[in-house]
Amino acid sequence: MRAGIIVSDKASTHNGLARNFLPGASISLGIVSKRTLPGTGSAAQLAGFVCGVEALALVGLAVAYAVGLARGTEDSIARTLASIALFLAGAGLLLSMAGAWRSGATWPRMATLVVNALLVPVSFSVLRGNGILVGAPVLALALAGVVGAIRAPNAEE
């Protein structure tokens, strides 16, 4: 279990912006753990797993584009390099989100929800363009990510 020191103003009687300007506002130091809340670990694990699989898929796409570039089958070198860079940047972000989920953080909750909610309509395009063997797993992964992010604990819990 990892722990860290945070500054908390929960002991203050003033909330919001006013606490920054009132000299009597009390500030306390506290120790917080990075553990997930009881009973919610499986949802966070699902969300982290989905982020990890999506990151691996983006790395796979980047490799496929690089192979196409090496073989000379890509039409535009600039567009292919830009796609590879975008895939790798997205994979890096998703890997950091997966790692944060694994360590018990709650910050990737909204990002996971947004990424996977946007992936749902993309999966319908993939279903039409590439068939059910490719589109159905994309849709299932997106829905699992949405469910995991919704059911995972948030910072207020």
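Within the group L88, L95, L113, which residue is open to solvent by 60 Å² or more (accessible area, probe 1.4 Å) and under 12 Å from the mean Cα position of the chain (by Cα)? Can you show your working first?
Numbers: L88 fails: under 12 Å from the mean Cα position of the chain (by Cα); L113 fails: open to solvent by 60 Å² or more (accessible area, probe 1.4 Å).
Going through L88, L95, L113 in turn, the sole match is L95.
Conditions (1) at pLDDT 90 or above; (2) on the phi < 0 side of the Ramachandran plot; (3) within 20 Å of the chain's Cα centre (by Cα); (4) surrounded by 15 or more Cβ atoms within 10 Å (Cβ to Cβ), marked per residue:
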site: N15; (1), (2), (3), (4): no, yes, no, no
site: G39; (1), (2), (3), (4): no, no, no, no
site: F49; (1), (2), (3), (4): yes, yes, yes, yes
site: A70; (1), (2), (3), (4): yes, yes, no, no
site: E74; (1), (2), (3), (4): yes, yes, no, yes
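Modelled with pLDDT under 95 and either assigned to a helix (DSSP H, G or I) or open to solvent by 40 Å² or more (accessible area, probe 1.4 Å) (or both): does that describe V134? Working first, answer last.
Details: modelled with pLDDT under 95: yes; either assigned to a helix (DSSP H, G or I) or open to solvent by 40 Å² or more (accessible area, probe 1.4 Å) (or both): yes.
Judged against the criteria, V134 is a match.
For residues that are without any contact (Cβ under 8 Å) to a residue 12 or more places away in the chain and assigned to a helix (DSSP H, G or I), scanning just the stretch 137-157, find the one that is least open to solvent (accessible area, probe 1.4 Å). If you could, list the steps in order and put the result at the bottom.
We begin by selecting, within the stretch 137-157, every residue without any contact (Cβ under 8 Å) to a residue 12 or more places away in the chain; these are 137, 140, 156.
If we keep only those that are assigned to a helix (DSSP H, G or I) as well, we get 137, 140.
Values: P137: 75, A140: 57 Å².
Among them, the one singled out is A140.
So A105 ticks every box in (1) part of a helix (DSSP H, G or I); (2) of a type outside the set (S, T, N, Q); (3) touching a residue at least 12 places away in the same chain (Cβ under 8 Å); (4) closer than 21 Å to G41 by Cα but one. Which box is left unticked?
It fails just one condition, (1).
The values are calculated or read from the model by the stated rules, or taken from the named source; none is laboratory data. In this text, all values refer to a predicted model and were calculated from it rather than measured experimentally. A quick note on method: Cβ atoms are made from the backbone with ideal geometry, for glycine too, and the neighbour counts reach across all protein chains shown. Remember, those area values only see protein heavy atoms, side chains included, never the ligands or the DNA or RNA. Shrake-Rupley method; radii C 1.70, N 1.55, O 1.52, S 1.80 Å.
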